[in-house]
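First up is the structure itself, then whatever we jot down about it.
The values are calculated or read from the model by the stated rules, or taken from the named source; none is laboratory data. Everything numeric here is computed off the predicted structure, so don't read it as measured data. Cβ placement follows ideal geometry from the backbone for every residue including glycine, while neighbour counts extend to all protein chains displayed. Note: areas computed on protein heavy atoms with side chains; ligands, DNA, RNA excluded. Shrake-Rupley method; radii C 1.70, N 1.55, O 1.52, S 1.80 Å.
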Amino acid sequence: MSIRSKLRRSWPGYVFLTPWLIGFFLLSIFPILASLYLAFTDYDAVNAPVWVGLENFQYMFEFDYRFWQSLKVTFLFVVLSVPAKLIFALIVAMLLDKGIRAVGWYRALFYLPSILGGSIAVAILWRQLFNADGVINSALAVFGIQGPYWLSDPNYSLYTLVVLAIWQFGSPMLIFLAGLRAIPQDLYEAAEIDAATPSRKFFAITVPMLAPVIFFNLVLQMIEAFKSFSGAFIISGGTGAPLDSLLFFTVYLFNEAFSYFRMGYASALGWVLLIIIAAFTAIAFWTSKYWVHYENERG
């Protein structure tokens with residue numbers, strides 16, 4: 001079949017794809033290429049960009065201490081929140097997999113924070129909960145415990161956002177629940193015949209069979225954690241306070257772009273974040289061959 005005849009038969013499909021293609025190139029490809037160019041320029045969003053080569057990256061790695069602080073805070077948040085979130089989601093999924101009554105209502109209830117968790121309203125609510133005179137400290141005071149200044153003490157502030165991230169466990173929980181439902185029950189029945197303990201069944205059957213789902217959730221939640229923004233921005237007042245303890249990389253990027261109008265430098269920061277996420281994702285895929293196994297694998 002000639003190319004002309006193929007186009008004649010498939011042109012209706014391309015017509016329906018046209019709105020998506022326009023949006024893809026105008027809202028995705030063009031901004032990506034533009035930010036790549038601006039990363040090597042001095043640009044303030046008013047005057048024309050001036051080419052400076054690698055100066056943005058040189059300043060970033062050699063002189064910008066807030067850049068390194070933002071990396072430290074972001075990495076710590078990822079390391080603390082992602083494993084805790086996945087463990088909690090798996091525990092809840094296993095409880096729901098026991099066939100409790102009204103499981104559909106529980107699924108919807110637990111998934112709701114994942115929908116609302118990234119909203120501005122929830123971040124404001126979270127700030128009110130952890131204020132010095134907020135609900136958390138008021139509840140602790142009932143038991144005679146003097147609660148700390150969660151949001152103004154740099155030793156505690158980051159943990160409030162870790163708790164917020166764990167609270168949004170609904171999405172990985174649903175994925176874990178689907179994975180648990182796909183595990184053949186005869187494996188557990190055979191283990192019971194061999195008098196296997198619950199912990200033995202968990203580590204010998206559940207974890208290996210659930211490894212692809214764990215890997216999928218790990219990659220998704222890791223990427224989301226690196227991109228986390230709204231909670232840190234609202235709770236810290238957009239500055240990363242106190243003492244830059246909530247200076248997430250995305251918050252720092254936002255400030256450079258829209259507070260100081262250093263668009264060129266912000267573009268460079270954005271590409272560094274992209275490279276970091278890509279590197280960690282690549283590492284996850286590389287290590288997965290040692291612990292993730294699929295049913296259709298041979299040998």
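What FRET efficiency do you get for residue 91 and residue 241 if R0 is 41 Å and r is their Cβ-Cβ distance, rounded to the nearest 0.05? Don't skip to the answer; put the middle values down first.
Numbers: r = 34 Å, r/R0 = 0.82.
About 0.75, to the nearest 0.05.
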Subject >> Proximal charge balance of residue 193 [Cβ under 14 Å; K/R count +1, D/E count -1] >> reply: -2
Original post:
By how many nm would the segment from residue 259 to residue 29 lengthen if fully extended, with 0.36 nm per residue of separation less the alpha-carbon distance?
Top reply: 80.3 nm
Original post:
Are there chymotrypsin sites (Phe, Trp or Tyr not before Pro) in segment 22-111 that DSSP marks as loop and that have at most 13 other Cβ atoms within 10 Å, and which are they?
Top reply: 63
**OP:** Would you calculate a helix-derived [θ] at 222 nm for the chain, using -39,500 (n - 2.57) for each DSSP H run of n ≥ 4 and dividing by the full residue count, to the nearest 500?
**Re:** -22000 deg cm²/dmol
Original post:
segment 26-113: which trypsin sites (Lys or Arg not before Pro) are DSSP loop and have at most 16 other beta-carbon atoms within 10 angstrom?
Top reply: 98, 101
Original post:
How much of the accessible area of segment 62-297, probe 1.4 Å, is carbon plus sulfur, in whole percent?
Top reply: 69 percent
Original post:
Leaving out same-chain residues fewer than 8 places away, which aspartates and glutamates sit with a Cα under 13 Å from that of residue 201?
Top reply: 186, 189, 192
Original post:
segment 210-299: which trypsin sites (Lys or Arg not before Pro) are DSSP loop and have at most 16 other beta-carbon atoms within 10 angstrom?
Top reply: 227, 298
Subject >> Once exposed loop GluC sites (Glu not before Pro) are cut out (DSSP; at most 12 other Cβ, 10 Å), longest piece of the chain >> reply: 1-294
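Nearest 0.05, what FRET efficiency do residue 138 and residue 66 give at R0 = 51 Å with Cβ-Cβ as r? Present the calculation step by step, with values, prior to reporting the outcome.
Working: r = 35 Å, r/R0 = 0.68.
That pair, residue 138 with residue 66, gives E of 0.90.
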Original post:
By a straight-distance test (C-alpha under 13 Å), which aspartates and glutamates pair with residue 85 as possible cross-link partners, with residues fewer than eight away in the same chain excluded?
Top reply: 224
**OP:** Determine the sum of side-chain charges near residue 177: Lys and Arg each +1, Asp and Glu each -1, restricted to other residues whose C-beta is under 14 angstrom from that of residue 177.
**Re:** +2
**OP:** Determine the shape class of segment 62-297: with a ≥ b ≥ c the square roots of the Cα gyration tensor eigenvalues, call it rounded for a/c under 1.5, and otherwise prolate if a/b is greater than b/c, oblate otherwise.
**Re:** oblate
Original post:
So, counting K/R as plus one and D/E as minus one, what does the shell of residues with Cβ under 13 Å around residue 41 add up to?
Top reply: -2
